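Chemist: Sending over a structure as structure tokens; questions will come in a sec.
The values are calculated or read from the model by the stated rules, or taken from the named source; none is laboratory data. Since we're looking at a predicted model, the values are computed, not measured. As a convention, Cβ positions derive from the backbone with ideal geometry for all residues, glycine included, and neighbour counts pool all protein chains shown. For accessibility, only protein heavy atoms count, side chains too; no ligands or nucleic acids. Shrake-Rupley method; radii C 1.70, N 1.55, O 1.52, S 1.80 Å.
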Amino acid sequence: MSANNLAMNIGKFDGANYNKWSGQVELLLESKHVLGIVTGDLKKPEALAENASATERLAHATLMESYVDKHGTARSTLTRHRPTLYYHCTTVIPAIISPPR
């Protein structure tokens, strides 16, 4: 199923449908390969030391580019597919994976 189809099938979060809603949101974010950005598992690469080698700088630049791309994709996925989804994710996350206790 495409990300567009996944997003269209996500119902509005009403508090009572948490398990279904969170599972659907998780699938959507996984389909875009950005779940780690939203959950915080994928962290921004740390700054390089001033004396980093050219190889280290290139590797760091690649990691940063990937992080920035994924961050932008996560935000656009949440806002483009459903504005209310973005609102609920920004107020409910990091509880997307684990229900509140």
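Chemist: Any chance the stretch 78-90 includes a residue that's modelled with pLDDT of 85 or more, surrounded by 11 or more Cβ atoms within 10 Å (Cβ to Cβ) and basic (K, R)? Let's see the steps before the verdict.
Modeler: Taking the stretch 78-90 first, the residues modelled with pLDDT of 85 or more are none.
No.
Chemist: Out of the residues in the stretch 28-57 meeting the condition of being hydrophobic (A, V, I, L, M, F, W, C) and surrounded by fewer than 11 Cβ atoms within 10 Å (Cβ to Cβ), tell me which one is nearest to G11 (Cα to Cα). Let's see the steps before the verdict.
Modeler: Filtering the stretch 28-57 for residues hydrophobic (A, V, I, L, M, F, W, C) gives 28-29, 34-35, 37-38, 42, 47-49, 52, 54.
Those left that are additionally surrounded by fewer than 11 Cβ atoms within 10 Å (Cβ to Cβ): 47, 49, 54.
Numbers: A47: 40, A49: 46, A54: 48 Å.
Only one residue fits best here, namely A47.
Chemist: Now a separate question. Hey, among the residues in the stretch 13-65 that are under 10 Å from the mean Cα position of the chain (by Cα) and of a type in the set (G, A, S), which one's farthest from L78 (Cα to Cα)?
Modeler: Applying the filter and picking the extreme gives G40.
Chemist: What are the residue pairs meeting all of these: first residue in the stretch 34-45, first residue at pLDDT below 85, second residue open to solvent by 70 Å² or more (accessible area, probe 1.4 Å) and assigned to a loop (DSSP other than H, G, I, E, B), Cβ atoms under 7 Å, and 6 or more apart or on different chains?
Modeler: So the pair list comes out as T39/P94; T39/I97; G40/P94.
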